[in-house]
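What follows is a short report on a single structure.
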Amino acid sequence: MDLPETGCLMRIFIGESDHYEGKPLHEWIVLKARAQGLAGATVLRGMMGFGPNSRIYTNKIMRLSEDLPLIVEIIDTHDKLENFLTLVEPAVGDGLITMEKAYIKLYRSKSAAKAK
């Protein structure tokens, strides 16, 4: 798959305890991104954060550590991510979704390079 030099980065901010269709929400999002043929996705686990309710989530307090913040980052073209947003938006209850321009400098697979 080739990506244009100017792509798009979607970030989905959710909680670790969020679920959708019987799966952890972050897992559901990544699997849907792959099924949609998007270029790539990564899940990042935060050590501390807060959202619209201003409640602090941190791994320092045992009772709050069950819902640490997660960020799902997905890269592709703006059009493909806009289409993906229509699929993902209903699944995100509490959270935030952002999109920003991304300048793609390298996107390749070692196995694809060996096949050439």
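The values are calculated or read from the model by the stated rules, or taken from the named source; none is laboratory data. On a predicted model such as this, the values are computed, not experimentally measured, just so you know. Neighbour counts run over all protein chains shown; Cβ positions are idealised from the backbone, glycine included.
Has the range 28-39 got any residue that is at pLDDT below 90, of a type outside the set (K, R), surrounded by 13 or more Cβ atoms within 10 Å (Cβ to Cβ) and part of a loop (DSSP other than H, G, I, E, B)?
no
Is it the case, given these coordinates, that K23 is among the charged types (D, E, K, R), crowded, with 18+ Cβ neighbours inside 10 Å and at pLDDT 95 or above? No: the conditions fail for K23.
Is it fair to say V43 is in a helix (DSSP H, G or I) and either exposed (fewer than 15 other Cβ atoms within 10 Å of the Cβ) or within 10 Å of the chain's Cα centre (by Cα) (or both)? Considered against the rule, which asks whether it is in a helix (DSSP H, G or I) and either exposed (fewer than 15 other Cβ atoms within 10 Å of the Cβ) or within 10 Å of the chain's Cα centre (by Cα) (or both), V43 comes out as no. Inspect all residues belonging to the range 44-60 and state whether any of them is out of contact with any Phe, Trp or Tyr (no Cβ under 8 Å at 6 or more places or on another chain), modelled with pLDDT of 90 or more, at positive phi and not polar (S, T, N, Q). No, the range 44-60 contains no residue that is out of contact with any Phe, Trp or Tyr (no Cβ under 8 Å at 6 or more places or on another chain), modelled with pLDDT of 90 or more, at positive phi and not polar (S, T, N, Q). Listed by first and then second residue, the pairs linking a residue in the range 12-27 that is farther than 19 Å from M99 by Cα to a residue that is small (G, A, S), with Cβ atoms under 8 Å apart and 6 or more places separating them unless they lie on different chains, are D18/G93; D18/G95; Y20/A91; E21/A91. Condition first: modelled with pLDDT under 95 and either over 19 Å from the mean Cα position of the chain (by Cα) or part of a loop (DSSP other than H, G, I, E, B) (or both). Can you find one or more residues in the range 67-88 that meet it? Yes, that holds for at least one residue.
Scanning the range 38-57 for residues that are in contact (Cβ under 8 Å) with a residue 12 or more places away in the chain and either within 17 Å of M1 (Cβ to Cβ) or aliphatic (A, V, I, L, M) (or both) gives L38, A39, G40, A41, T42, V43, L44, M47, M48. Of everything in the range 91-110, what is loosely packed, with under 11 Cβ neighbours inside 10 Å and of a type in the set (D, E)? Give them in sequence order. The answer is E100, and nothing else. Taken residue by residue, the range 70-77 has no member that is surrounded by fewer than 13 Cβ atoms within 10 Å (Cβ to Cβ) and without any contact (Cβ under 8 Å) to a residue 60 or more places away in the chain. Yes or no: the range 95-111 includes at least one residue that is modelled with pLDDT under 95 and assigned to a helix (DSSP H, G or I). Among the residues of the range 95-111, at least one is modelled with pLDDT under 95 and assigned to a helix (DSSP H, G or I), which makes the answer yes.
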